[in-house]
Amino acid sequence: MYTASFAFFEALWEAGVTHCFVNLGSDHPSIIEAMVKGQNEKKGQFPRIITCPNEMVALSMADGFARLTRKPQCVIVHVDVGTQGLGAAVHNASCGRAPVLIFAGLSPYTIEGEMRGSRTEYIHWIQDVPDQKQIVSQYCRYSGEIKSGKNVKQMVNRALQFACSDPAGPVYLCGAREVMEEDLTPYQLNQDQWSPVEPAALNEAGVKRVAEALAGAKEPLIVTGYSGRNHGAVGALVKLADTVKGLRVLDTGGSDMCFPADHRAWLGLRYGIEESIKTADVILVLDCDVPWINTQCHPSESATIFHIDTDVLKHQMPVYYIAAQARYSADSFTAVTQINNYLTSSTFSDKFNSAAYSQKWDNLLEAHTKRLSNIAAAAQPKGDGTFGTGHLCATLRKLVPKDTIFAIEAVTNTGFVADNIQATFPGSWINCGGGGLGWSGGGALGIKLASEYENGAGKGKFVVQIVGDGTFLFSVPGSWNAPRKSLLLVHPEGLGSKATNEELNIAITGPDFAGIAKAAAGGNCFAGKVAKTDELESVLKQAVDSVMSGTTAVVEAVVVSGC
């Protein structure tokens, strides 16, 4: 039998989708049949099926895989309830621009057995909804229903075109049992005709305007968020900072490693609040959603601001604006490369080699050295033997391989994590793209799976997940300190500012977090807990050794807040 379901999987593989993360239901008989047929007959030329016990985990795994590789992956869930089970993961994939194809079944539309796949269970009536696509369509780049098996491959490829074209993101397809059971004559598409839209570039006038503004600025600043999603953009930004001596780079997204911490132009990660924003005279906002928070920090009124993004209007944000003098819809890597090419012409050589630029370069080194020193001082453990997130991450950074990939979901502690992890390699820092807490559990697994698949079994990168206690439990809100911070921003002197976490009903006490992981792994997991400085390095080293030997490790580190 060659069914629409089998053609669906063929279409995925032919388009470059290598993994399907699935949580199956009563609407998937033909899908299951096709899986078995493909695994038996295609022998390695068929998507690998990863069964996930929860839809949030499934989509987060696909998200992590796609975020590291920039290659689309697939998630299969069932009908309306499975689609709803994706929960916040759809938001994360949308905000994080992760190219993922989600497929869900539909309740059968025939009742009397008129077609193969007709209704056979009570639940088929209960799960029949007016428009299932509407559950997630506002988060998706495209949503559609497969209404005939005869064009199933075209539907899959059209969806993937949307998923992979900037701004990339999730897409959603659904199909009823009768359609997916349809018998077909085998066919193929010419994949050369189904490529995503090519990256956009700046026009000549835009290149000249932005480049000359940066070159002529007294305090030029680049604010980015996820330009590092394209790993080539990291090197392009470094080249720009090396050329325009005095340029600084600030990350306000924390989504990807956009600029290396060992470069003197590095300002680190700050969520829209940083002194450099206030003093810069020229600011380039590059692939960034929230460059500054107006009620907390604001550029100078005299600053010249440019905005370059593949989604410069932020189509999915009803309230959004940046007071920029010019906006350009362009790919960040392409745009920065154009600017570099313009600035490295002979016209600017004398200017950039002048004493004034040499002094700016020296000033950057002095400021960077001081910044690193202040970070190290702030991360020192307390006199009573306790420690904060900064010291935990600084210690961890020393023990893991240099090319470790960090999957981060530390929420209110993210700044301390970024300061002390000090990522330097493209793709070595991946944070949740959105605000749907609980991403990093599946995300870290997807990242590790992708690294193993890309580099070969046993040759993948060392992966570290750094996550708060509540987020570890897939709770929302997950860090459980986040609600207090939000409260204080609005009511800094209110009653809640003087209340304890218990009184605010946001405290978590009791769970054995590492024990939960060990139980879930059937005991095949290193589980540790540490609360004192003198034990920290020893416990972390045991955990690292465990992972290096092939066994997952989970360490619960009890940290003091605020450092």
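Working note: 222 nm ellipticity from helices only, DSSP H runs with n ≥ 4, each -39,500 (n - 2.57), summed and divided by the residues of the chain, gives -11500 deg cm²/dmol to the nearest 500. Look at where the Cα atoms of the stretch 515-537 and of the stretch 101-146 average out, and the two centres are 43 Å apart. Spin-label model, Met1 to Lys147: label points 7 Å out along the Cα-to-beta-carbon direction sit 2.5 nm apart. For the pair Asp242 and Glu366, label points projected 7 Å from Cα toward Cβ lie 2.5 nm apart. Using θ = phi - 60° in the Karplus curve 6.51 cos²θ - 1.76 cosθ + 1.60, the 3J(HN,Hα) couplings for the stretch 193-204 round to 8, 10, 6, x, 5, 5, x, 8, 10, 6, 6, 4 Hz; x is entered for Gly and Pro. Taking the inverse of the mean 1/r over every pair of distinct Cα atoms in the stretch 265-416 gives a Kirkwood hydrodynamic radius of 19.0 Å. Note on the chain: antiparallel DSSP beta bridges, both residues inside, total approximately 5 percent of the bridges counted. Between the stretch 341-360 and the stretch 228-278, the C-alpha centres lie 20 angstrom from each other.
Under 28 Å of direct C-alpha separation, and excluding same-chain neighbours fewer than eight residues apart, Lys133 reaches these lysines: Lys71, Lys147, Lys150, Lys153, Lys314. Given their separation in residues at 0.36 nm each and the Cα-Cα distance between them, Thr295 and Tyr321 gain 8.0 nm when the chain is fully extended.
As a length-normalised measure over Cα pairs under 8 Å and 6 or more apart, the relative contact order of the stretch 520-563 settles at 48 percent. Taking only protein heavy atoms and a 1.4 Å probe, the accessible area of the chain is 53% carbon and sulfur. Between the Cα long axis of helix 355-378 and the first principal axis of the chain there is an angle of about 70°, rounded to the nearest 10.
If you line up the long axis of helix 439-455 against the longest principal axis of the chain, both from Cα atoms, how many degrees apart are they, to the nearest 10? It is inclined by approximately 80 degrees. Solvent exposure of the chain, expressed per residue, is 44 Å² of accessible area, with all protein chains present and a 1.4 angstrom probe.
As a length-normalised measure over Cα pairs under 8 Å and 6 or more apart, the relative contact order of the chain settles at 13 percent. Here the calculated FRET efficiency for Lys398 and Lys459, from their Cβ-Cβ distance with R0 = 30 Å, stands at 0.80, rounded to the nearest 0.05.
Across the stretch 467-473, rounded Karplus estimates of 3J(HN,Hα) from the backbone phi angles (6.51 cos²θ - 1.76 cosθ + 1.60, θ = phi - 60°) give 9, x, 4, x, 5, 4, 8 Hz, Gly and Pro being marked x. Taking all Cα pairs closer than 8 Å and separated by 6 or more residues, the relative contact order of the stretch 1-155 comes to 24 percent. Within the straight-line cut-off of under 17 Å between alpha carbons, the lysines reachable from Lys245 are Lys218, Lys351, Lys360, sequence neighbours fewer than 8 places apart in one chain being disregarded.
Computed from phi, the 3J(HN,Hα) profile of the stretch 133-144 under the Karplus parametrisation 6.51, -1.76, 1.60 (θ = phi - 60°) reads 4, 5, 4, 10, 4, 5, 9, 9, 6, 7, 9, x Hz, with x in place of Gly and Pro. Amide H to amide H under 5 Å from Ile102: which residues, 5+ apart in sequence or cross-chain, H placed 1.01 Å off N in plane? Those lying under 5 Å, H to H, from Ile102 are Val75, Val171, Tyr172, Leu173. Could you pull out every one of the aspartates and glutamates with an alpha carbon less than 15 Å from that of Lys532, ignoring same-chain neighbours closer than 8 positions? Partners within reach: Asp384, Glu556. For a quick check of your reading of the filter: which trypsin sites (Lys or Arg not before Pro) in the stretch 270-325 sit in a DSSP loop and have no more than 10 other Cβ atoms within 10 Å? In loop regions of the stretch 270-325 (DSSP not H, G, I, E or B), there are no sparsely surrounded trypsin sites (Lys or Arg not before Pro). If R0 is taken as 22 Å, the Cβ-Cβ distance between Gln191 and Tyr109 corresponds to a FRET efficiency of 0.10. Using only Cα atoms and rounding to the nearest 10 degrees, what angle (0 to 90) does helix 533-548 make with the longest principal axis of the chain? Approximately 40 degrees, to the nearest ten.
About its Cα centre, the stretch 350-483 has a charge dipole of approximately 200 debye under the convention of +1 per Lys or Arg Cβ and -1 per Asp or Glu Cβ, with nothing else charged.
Across the chain, counting alpha-carbon atoms alone, Rg and Dmax equal 25.1, 85 Å.
The values are calculated or read from the model by the stated rules, or taken from the named source; none is laboratory data. Note that this is a predicted model, so its numbers are computed, not measured. Quick reminder, even Gly has a Cβ in these numbers, built from the backbone with ideal geometry, and neighbours come from all protein chains shown. Just the protein is used for accessible areas: all its heavy atoms, side chains included, with ligands, DNA and RNA removed. Shrake-Rupley method; radii C 1.70, N 1.55, O 1.52, S 1.80 Å.
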